[in-house]
Amino acid sequence: MTDSVNELRPKLIKGIPELDVPSIEPLPYGTVKVRSAPGTRAKVEANLTNVQIWGLSSYKLLEMKPNLPKNRFVFRLNIPRIECKGDYDVDLNVLILRYKGNGPFRGNLTNIDVEVLVKGKIEKINGKNHMQLSKMLMHIGIGTAHFILDELFSSNPILGRIVDVVVNENTQDFLNEIRPALEVAISNRSLEMANRIFKTVTFDELFPTV
């Protein structure tokens, strides 16, 4: 099974047009709402749109615990680095500074640990057994993160640097806010893509020793 997971990488990168499975490089994410946590000195409200994510295919499988009788699997992954970009509109209230603006943003996340629980079932497809996943639960832990809001205070570099510091000092608060939605979005997309791929691979090919 470990080999099967690792062998998925080229398919995830290239996509499978005949199965309508697009490449995950980049993974379109859509819209993210970011709000600073209650009690923080800086009030930041931002909407991130047209978000795209690169780097998910660089995952490293750290551990896998299969329970074949129940068709259940628990595994841990590490993704060294994820990069993202999109557009932002932001409302900042920092000390005496109040600012509303918009523009493109860039970001990177490093040392992402992912824990996944997958449940599946065996289905007959063209007379052969295939694994089809029915549920995927995911927890994501992020080591470090840094975001750059381009065109923010482009006419005043000093204010731009101040806001950049404030935003990045609060990244863990922001990540805690968006983590649940991110976990659901990636789980749903991964579940859909895995099932399409598994339709091309029989159960015996996935688990040749069973």
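The values are calculated or read from the model by the stated rules, or taken from the named source; none is laboratory data. All values reported here derive from a predicted model rather than from experimental measurement. Heads up, the Cβs are rebuilt from the backbone with ideal geometry, glycines too, and the neighbour counts pull from every protein chain shown.
From the set of residues in the range 66-98 that are aromatic (Phe, Trp, Tyr) and either touching a Lys or Arg at 6+ places or on another chain (Cβ under 9 Å) or surrounded by fewer than 15 Cβ atoms within 10 Å (Cβ to Cβ) (or both), which is farthest from residue 142 (Cα to Cα)?
Just the residues of the range 66-98 that are aromatic (Phe, Trp, Tyr), to begin with: 73, 75, 88.
Right, trim to either touching a Lys or Arg at 6+ places or on another chain (Cβ under 9 Å) or surrounded by fewer than 15 Cβ atoms within 10 Å (Cβ to Cβ) (or both) and you get 73, 75.
Working: 73: 22, 75: 17 Å.
Ranking the qualifying residues of the range 66-98, first place goes to 73.
Conditions (1) of a type in the set (A, V, I, L, M); (2) within 20 Å of residue 188 (Cα to Cα); (3) in contact (Cβ under 8 Å) with a residue 12 or more places away in the chain, marked per residue:
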residue: 80; (1), (2), (3): no, no, yes
residue: 88; (1), (2), (3): no, no, yes
residue: 91; (1), (2), (3): no, no, yes
residue: 100; (1), (2), (3): no, no, no
residue: 111; (1), (2), (3): no, no, yes
residue: 118; (1), (2), (3): yes, yes, yes
residue: 135; (1), (2), (3): no, yes, yes
residue: 141; (1), (2), (3): no, yes, yes
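Does residue 200 satisfy the criteria of being modelled with pLDDT of 75 or more, in a loop (DSSP other than H, G, I, E, B) and within 30 Å of residue 126 (Cα to Cα)? In short, yes. If only residues of the range 30-62 that are at pLDDT below 75 and of a type in the set (Ser, Thr, Tyr) are counted, the one that is surrounded by the fewest Cβ atoms within 10 Å (Cβ to Cβ) is 40. For residue 75, the conditions (1) touching a helix residue (DSSP H, G or I) at 6+ places or on another chain (Cβ under 8 Å); (2) not in a strand (DSSP E or B) are fulfilled apart from (2). Within the range 128-168, being modelled with pLDDT under 70 and among the acidic types (Asp, Glu) holds for one residue alone: 164. Only one of the listed residues (106, 72) is modelled with pLDDT of 90 or more and in contact with a Cys (Cβ under 8 Å, 6 or more places away or on another chain). That residue is 106.
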